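Encoded as structure tokens, here's the structure I'll be asking about.
The values are calculated or read from the model by the stated rules, or taken from the named source; none is laboratory data. Here the structure is a predicted model, which is why all the values come from computation and not from measurement. Here the Cβ positions follow ideal geometry from the backbone for every residue, glycine too, while neighbour counts run over all protein chains shown. Quick note on the areas: whole protein, heavy atoms, side chains included, nothing else; ligands and nucleic acids left out. Shrake-Rupley method; radii C 1.70, N 1.55, O 1.52, S 1.80 Å.
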Amino acid sequence: MASLKALPLPPAVSAAVPLLPAHSEGVALIGPMHHASRGYGWTIFAGLIAGVAALAVLMHAAGLRIDPFSRGMVPFHMAAIILLALKLRAARWWPGHGRAIGDCAEFFGLFTAISLIGAVASYPVAALTGGMHDATLQRIDALLGFDWLAWYRLVADHRMLQWLGLAAYRTIYLTPAILLGFYAWKGYKAAAHRFLMTFGLAATLTLMLYPMMTAVGPLSFLWHGPLPYLPESEEWQAALIPALRAHQMHYVDLGQLRGLVSAPSFHTVAAVLYIRAAWPHRELRAPLLGLNAAMLIATPVEGTHYLIDMILGAVVAIVATLAMGRLLAGSATPRVSAVGAIA
């Protein structure tokens, strides 16, 4: 019986780009989506505009503002100018690698914008919430058999675990730099855009769920007395959320943003998304899996998260990935990249 064999795709095609099979007279046609070369730039731009508009509405409702001329804004202004210049001029300045540099600047800029919108939005969302849900989250952890205090004491008693945990927790921005730089170098614009859109959707879902389970975190809720070790997230939720609700804060300083979302854990959301994005690429799979596994291990203490926070974060990441896959699969059309032969 005749069988079909698909020829391998050319190296320029990313394994992260979805493929659709087609059959015509015993020939297998396999190719990347129509968007594989030009990406989804306008879709991301529209999403950013919608995100900024939603943020403006939330900030107004919570009585919060951003001072564009504050000292905390200076690094962001400088970064925007540099990234825009590289995007527009890199191809002319460095003909050999200008395209990759320009794409890298674009990807980094988009990731920063999505991250900032999400981080800033957590402030007005927190201001508009009521009550705390730590008791419920802690009860769920107890049912799961997770002892946060034992985990914290272990870290507090070992300086090396503190250093390693802090370093691992801070890699939340290292992994996307590696991923997006890799996409830019390889010319995988569509894969980069898919990752960015999935990241943005996951951030949106996280912020939508956050008001249902606002919490100060296990450090503030469970620990009483002097702290033997102050994690990276410190006790910001316990200090900032009541101040935001009481309208004692009127400005959000981008240079002093703090993590306010306890559940779902966005470090967990990010780790799952990073691992999923790296998995198709053999050269990235092992190092980024190890890096993000370490970040997940560090998250309960350094992020002061309940275990259920992390489980919910993983669910958000999976839902965002599946939803974005369905959305993009319905909006793209295949084109031929390689032709299979009858054996």
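Could you give the accessible area per residue of segment 191-343, probe 1.4 Å, as a whole number in Å²? Provide the component values of the computation, followed by the final result.
Working: 6590 Å² over 153 residues.
Per residue, segment 191-343 has an accessible area of 43 Å².
Does segment 199-292 classify as rounded, prolate or oblate by the C-alpha gyration tensor (a ≥ b ≥ c root eigenvalues; a/c under 1.5 gives rounded; else a/b over b/c gives prolate, otherwise oblate)?
Details: a/c = 2.39, a/b = 1.67, b/c = 1.43.
Prolate shape, in that a/c is at least 1.5 and a/b is the bigger ratio.
Right, something else. Work out the FRET efficiency for Thr136 and Arg282 from their Cβ-Cβ distance, taking R0 = 45 Å, and round it to the nearest 0.05. Before the final figure, lay out each step's value.
On the way: r = 43 Å, r/R0 = 0.95.
After rounding, the FRET efficiency stands at 0.60.
Which residue, chosen from Ala168, Pro68, His158, occupies the Cα position most advanced towards the positive end of the dipole of segment 65-172, where the dipole is computed from +1 (Lys, Arg) and -1 (Asp, Glu) charges on Cβ about the Cα centre?
The residue sitting most towards the positive pole is Pro68.
With the full set of protein chains in place, find how many percent of the accessible area of segment 128-244 is carbon and sulfur; take the probe as 1.4 Å.
66 percent
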